[in-house]
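The values are calculated or read from the model by the stated rules, or taken from the named source; none is laboratory data. Everything numeric in this text was worked out from a predicted model, so none of it was measured. Reconstructed Cβ throughout: ideal geometry from the backbone, glycine too, with neighbour counts over all protein chains shown. All accessible areas refer to the heavy atoms of the entire protein, side chains included, with ligands and DNA or RNA removed. Shrake-Rupley method; radii C 1.70, N 1.55, O 1.52, S 1.80 Å.
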Amino acid sequence: MAYPLSRARVLLGDDHAMVAEGLRKILEEEFEVVGAAADGKSLLSEAIRLKPDAVLVDISMPVVNGLEAARRIRRELPEARILFLTMHPDLSYLRDAMNLGAAGYILKSSAARELVIAVRRALRGKTYVAAELLEAIKDRKLRSALERGRVRALTERQCEILRLIAAGKSNKEIADLLSLKAGTVTFHRTAISRKLGISSTAKLTQYAIEHGLAPE
């Protein structure tokens, strides 16, 4: 599902009130900021209650840290796009974020320039990494983590549908095989394309083969 960006709902997680307010002002130029939380536990509760399209998470949050909060949010809201905003240029944090299926990783030092762009790209199914860290993606292990993150962004049902797409099944055949409505398959297929940034059947099939998701 592609979100109408002007109406996309964003939830903020940052334990510094002044920072959160600054982020809100930046985001409200284009999105609807539905709430803010100052610790990871509250962020999870608010995410479940508000069901935002995107969640902005500070890695260093009290009570429950941002990485763990994001892990729990992904379990509860697999369709929500999660972006990390942090002071840490440390590549180990970036790798952890990618392995969690993050849709974005932005440094606070560049948030004023990159935040809206990052959220916009995330909602379009792309992955955004701070320009300052892009060179790191040339590292093979980080590239691998980025790809795993994209696959992990798919729900179990979406992986199942992607396998059947790779097997050459039509939407109607997939619906029949999985006892789903045709509209439900179309919804999931659109979500798969958005998350992977791939639209054509041929490229979805190629992606499934390259990442071990194609049927044997």
What is the distance in Å between the Cα centres of the range 174-212 and the range 39-112? 26 Å
With only helices counted (DSSP H, runs n ≥ 4, each -39500 (n - 2.57)), the per-residue ellipticity at 222 nm for the chain, to the nearest 500, works out to -16000 deg cm²/dmol
With Cα springs under 10 Å, the Gaussian network model of the chain assigns the largest mean-square fluctuation among M18, M87, M98 to M18
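Could you work out what % of the accessible surface of the chain is carbon and sulfur, using a 1.4 angstrom probe and leaving DNA, RNA and ligands out of the count?
52 percent
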Sorted by packing (mean other beta-carbon atoms within 10 Å per residue), highest first, where do 189-196, 167-174, 58-65 land? 189-196, 58-65, 167-174
Probe 1.4 Å, accessible area per residue of the range 1-90, Å²: 47 Å²
Computed ³J(HN,Hα) along the range 110-126: with the Karplus parameters 6.51/-1.76/1.60, θ = phi - 60°, integer Hz and x for glycine or proline, the list is 10, 4, 4, 8, 10, 4, 4, 4, 5, 5, 4, 5, 4, 6, 8, x, 9
